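Heads up: the structure comes next, in structure tokens.
The values are calculated or read from the model by the stated rules, or taken from the named source; none is laboratory data. Everything quoted here is computed from the prediction, not taken from an experiment. Cβ placement follows ideal geometry from the backbone for every residue including glycine, while neighbour counts extend to all protein chains displayed.
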Amino acid sequence: MMSRDYPFETGVYRPPSEGGSASLLVRFTRNCPWNHCTFCTMYKGKKFNLRSLEEIKSDINAMANLMSDLQAESKALGHGGLVTREAILALLEKAPGLNYHPGADMLIQWMAAGGKTAFLQDGNSMIMPPQDFIEALTYLKQTFPSIERITTYARARTLAQRSLGDLKAIRAAGLDRLHLGLETGDDALLKQIKKGVTADGLIEGGRKAMEAGFQVSEYWMPGLGGKAMTDQHAENTARVLSEINPHYIRSRPFRPARGTSMYDQFKQGQIIMLDPREQLLELRRMIQNLNVTSKVCFDHMGNYWRTASGDLVFHHGYEGYQFPDEKQKVLDRIELGLAFKQEVVRFRHM
């Protein structure tokens, strides 16, 4: 086997659930086409690019070559194509550049996990022309037939602008799940954080994705409105999420990140953060007003609250709590958290 470079790109970001399932990260676009949100640092200072079909297919081919070569080394060692330490070391000896490849470890982990899931990067790949998206998606599935689930980030505004026919065609081509950053359902707060969409737009985009047959995962940010907007943030977020009734609702508690305008506002005292007890009170208000059949998830370390016995108020499993059956269980867990004096967690601002 000749040494190869395996040239393919790998972005930085993916949802925790896609890391937990060792998803193959395939970069369809670069960075975020909106990039104005005042709380977000993920793609700041980076230009959005639509990648060409040729680029995307070339990356997929390079990934396939790496997979094939690793399997060949495994078979030569009598390991039957399985990912083993010896096979990896044998490949690294022939292709030492893999030690510095930003995506090699990701692909090897994906292979070791069975090669069943993929995540399309970056921030809103659904902005691609639908036919190009379908062609790239089809090529990915043809190249890696072991893939059973494909997911991506999307913006509600983009989904609202797509025809239902195009969305259904993309779903039929193999895209299974959409991760949407709802953040809040309150119009005043949406405007303040420069989300670029209204509550009605969030509902329209979310409902359209549901109608097209996608699994929809909506993210909201407890504490995003600080003390001044906590009630309206909780109540209107519950209203919008109830209108959408997505498959998943995921909690990502707000923390001001260095380098954002919201961090500057926080440092200047313009945003007063909720303390841990107030965060739980806001969460209780949201959950009480939430009428969904969703799985409500706390799959992030930011959901740090604890009970008097020392355990987490909520487990961090990716499948969360099934509503409405476990709604009371979640509310009861919140009461356990409220009964315990929470320590203030000092996040290191990135």
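What the table below lists for this structure:
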{"read-out": "Condition broken by Ala104, with the remaining ones in (1) touching a residue at least 40 places away in the same chain (Cβ under 8 Å); (2) out of contact with any helix residue (DSSP H, G or I) (no Cβ under 8 Å at 6 or more places or on another chain) satisfied", "value": "(2)"}
{"read-out": "Residue among Lys141, Lys168, Lys191 that alone is out of contact with any helix residue (DSSP H, G or I) (no Cβ under 9 Å at 6 or more places or on another chain) and in a helix (DSSP H, G or I)", "value": "Lys191"}
{"read-out": "Residue that is in the same structural domain as Gly269 (by TED's automatic domain parsing), more than 30 Å from Ile271 (Cα to Cα) and not hydroxyl-bearing (Ser, Thr, Tyr), where the choices are Gly213, Gly201, Gly185", "value": "Gly213"}
{"read-out": "The range 286-305, subset over 21 Å from the mean Cα position of the chain (by Cα) and crowded, with 18+ Cβ neighbours inside 10 Å, residue farthest from Gln215 (Cα to Cα)", "value": "Trp305"}
{"read-out": "Given (1) assigned to a loop (DSSP other than H, G, I, E, B); (2) more than 20 Å from the chain's Cα centre (by Cα), number of the condition Asn236 does not satisfy", "value": "(1)"}
{"read-out": "Residue within the range 140-155 that is over 30 Å from Asn61 (Cα atoms), out of contact with any Pro (no Cβ under 7 Å at 6 or more places or on another chain) and either buried (at least 21 other Cβ atoms within 10 Å of the Cβ) or free of Cβ contacts under 8 Å to residues at least 24 places away in the same chain (or both) present", "value": "no"}
{"read-out": "So Ala87, is it touching a Ser or Thr at 6+ places or on another chain (Cβ under 6 Å), crowded, with 16+ Cβ neighbours inside 10 Å and either modelled with pLDDT under 95 or more than 23 Å from Leu175 (Cβ to Cβ) (or both)", "value": "yes"}
{"read-out": "Test: residue in the range 174-184 that is among the acidic types (Asp, Glu) and either without any contact (Cβ under 8 Å) to a residue 40 or more places away in the chain or farther than 28 Å from Thr117 by Cβ (or both)", "value": "yes"}
{"read-out": "Index of the failed condition, Gln161 passing every other in (1) more than 18 Å from Cys40 (Cβ to Cβ); (2) within 17 Å of the chain's Cα centre (by Cα)", "value": "(2)"}
{"read-out": "Exclusive hit being surrounded by fewer than 21 Cβ atoms within 10 Å (Cβ to Cβ) and either at negative phi or not assigned by TED's automatic domain parsing to the domain that holds Asp187 (or both), set Gln279, Gln270", "value": "Gln270"}
{"read-out": "Count - residues of the range 249-274 that are out of contact with any Pro (no Cβ under 8 Å at 6 or more places or on another chain) and among the hydroxyl-bearing types (Ser, Thr, Tyr)", "value": "2"}
{"read-out": "Any hit, the range 263-277, residues being within 19 Å of Gly205 (Cβ to Cβ), among the acidic types (Asp, Glu) and not in a helix (DSSP H, G or I)", "value": "no"}
{"read-out": "Those residues of the range 295-312 which are farther than 18 Å from Gly223 by Cα and either among the hydrophobic types (A, V, I, L, M, F, W, C) or in a loop (DSSP other than H, G, I, E, B) (or both), in sequence order", "value": "Thr307, Ala308, Ser309, Gly310, Asp311, Leu312"}
{"read-out": "Wholly within the range 49-123, helices (runs of 4 or more DSSP H) carrying at least 2 residues that are touching a strand residue (DSSP E or B) at 6+ places or on another chain (Cβ under 9 Å)", "value": "53-76, 104-112"}
{"read-out": "Flag for Gly213 being at pLDDT 95 or above, in contact with a Ser or Thr (Cβ under 9 Å, 6 or more places away or on another chain), assigned to a loop (DSSP other than H, G, I, E, B) and not polar (S, T, N, Q)", "value": "no"}
{"read-out": "Some residue of the range 228-248 being at negative phi, crowded, with 22+ Cβ neighbours inside 10 Å and in contact with a Pro (Cβ under 7 Å, 6 or more places away or on another chain)", "value": "no"}
